[in-house]
Amino acid sequence: MAGHHKRSNGEGSLFWDDSRERWVAQLTVPDGTRKKRTARTRREAGRLLTEMLVDLEINGGVFDQKSRFADLSSLWREKVLTAKEMAPKTRDVKTWALDRLDDELSTVKLVDLNADRIERALGAMAAEGLGKGSLIKVKSVMNQVCVFGERRDLLRKNPVPVVELPAGLAKPDDGRTLTIDQARALRAESASHRLNGLWATMLMLGLRPGEAAALHWSDIDLDGQKLHVRRNLRKVEGGFEITEELKTLKSRRSLTMPHPLVEALRGNREVQDSEREAAGEAWDPGWPDLVFTSLLGTPLDPSNVRRMFKELTNSAGLGDWSPNELRHTCVSILSSRGVPLEQIADVMGHDGTRMTSKVYRHIGTPSIGAAAGPMEEVFGCG
């Protein structure tokens, strides 16, 4: 793997993490604990490794005043989430929740990890559209991590028992949507983003994040303007899994692409070809037909997608938004353009209109072209 440079125990290692698209500084201390820090550049990761080595020399390798939540979560991921037996679905839920916690808390020092800081993190997740049920799961995993940390003397006290969920939580069916002006601003800002095609796919056709991340070039006919949803990507122990098991019977669907999406995907292919050439032998050959990849050709890590999208929406002056809200926005745009509810349900891959009306609260025959015309009205013809 490109940039992979390991050293013996006590000296640490620097390596590139494909899934996180970050350099990792890792140090194994005498009790077998692995401490990790991540950085955007190899130089910064080297500086972090030097800090850990100094801590090791001074403190004998125990977690210290500089230790952050990322250190604790990484250890829990290794010792519990990966090592212990549990049902695959349980592991998936815990992994998802831990990724969300890492998104919000990774840089927080353990000495500063208190109920107030955790409540702020949960509040940020609620603002992104997470409902009460999802937040309860996140809080549960946070409690497990902190119990683990307290038992290992990495935390003075587990703060989770006094943590309260945000007041006035939106119900799971109250997903936010971008206005048309906001959606246009997002499109303008994302035009030069390496994942412009991903954002356009989710916004204009309403694909679920896992459906979009699992797309293969063989699923897409750019000349014929057709996109076929056939697979789902999920994060599993040790990497990623692409499965043909979709959420509903109607999730397997064929959609007509609006011209702006076709052009965005053409641009995505050019960017991917350039990145493949730049990566050389470091490009992962295991995913040869994947449409949206990391800089080294691996599937996109969901936590990275959420982070990059949040950075993008902030750059566009829109504040914090989540990729799931692109799907909500797609429904809102189609509804505002008079597309019948039955056709919106087909585009979304819902088995019927009940879910569409319940989740998105919009009124309204299989029609694979239902989204193309309205999206071209809003975003132009490419």
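The values are calculated or read from the model by the stated rules, or taken from the named source; none is laboratory data. This structure is a prediction, so every number in the text was calculated from the model and none was measured. Heads up, the Cβs are rebuilt from the backbone with ideal geometry, glycines too, and the neighbour counts pull from every protein chain shown.
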Exercise for the section: Considering only residues that are modelled with pLDDT under 80 and surrounded by fewer than 19 Cβ atoms within 10 Å (Cβ to Cβ), look in the range 29-45 and name the one that is nearest to G239 (Cα to Cα). Expected result: R34
Completion exercise
Restricted to the range 235-260 and to residues being more than 28 Å from R187 (Cβ to Cβ) and hydroxyl-bearing (S, T, Y), the residue modelled with the highest pLDDT is T243
Practice task
Identify the residue in the range 332-352 that is of a type in the set (D, E, K, R) and assigned to a loop (DSSP other than H, G, I, E, B) and, among all such residues, is surrounded by the fewest Cβ atoms within 10 Å (Cβ to Cβ).
Solution key: D351
Practice task
For the range 94-105, state whether one or more residues are surrounded by fewer than 17 Cβ atoms within 10 Å (Cβ to Cβ) and not in a loop (DSSP other than H, G, I, E, B).
Solution key: no
Completion exercise
Counted residues in the range 280-300 being in a loop (DSSP other than H, G, I, E, B) and either over 21 Å from the mean Cα position of the chain (by Cα) or not hydroxyl-bearing (S, T, Y) (or both) come to 13
Handout entry: Enumeration of residues in the range 91-110 that are among the β-branched types (V, I, T) and modelled with pLDDT of 85 or more
Key = V93, T95, V108
Fill in the blank from the handout: Residues in the range 317-331 that are touching an Asp or Glu at 6+ places or on another chain (Cβ under 9 Å) and surrounded by fewer than 19 Cβ atoms within 10 Å (Cβ to Cβ) total 4
Problem - When residues of the range 174-212 are limited to those that are touching a Gly at 6+ places or on another chain (Cβ under 7 Å) and either assigned to a loop (DSSP other than H, G, I, E, B) or among the acidic types (D, E) (or both), the one surrounded by the most Cβ atoms within 10 Å (Cβ to Cβ) - result: G175
Practice task
Could you run through the range 60-76 and say how many residues are surrounded by fewer than 20 Cβ atoms within 10 Å (Cβ to Cβ) and modelled with pLDDT of 85 or more?
Solution key: 1
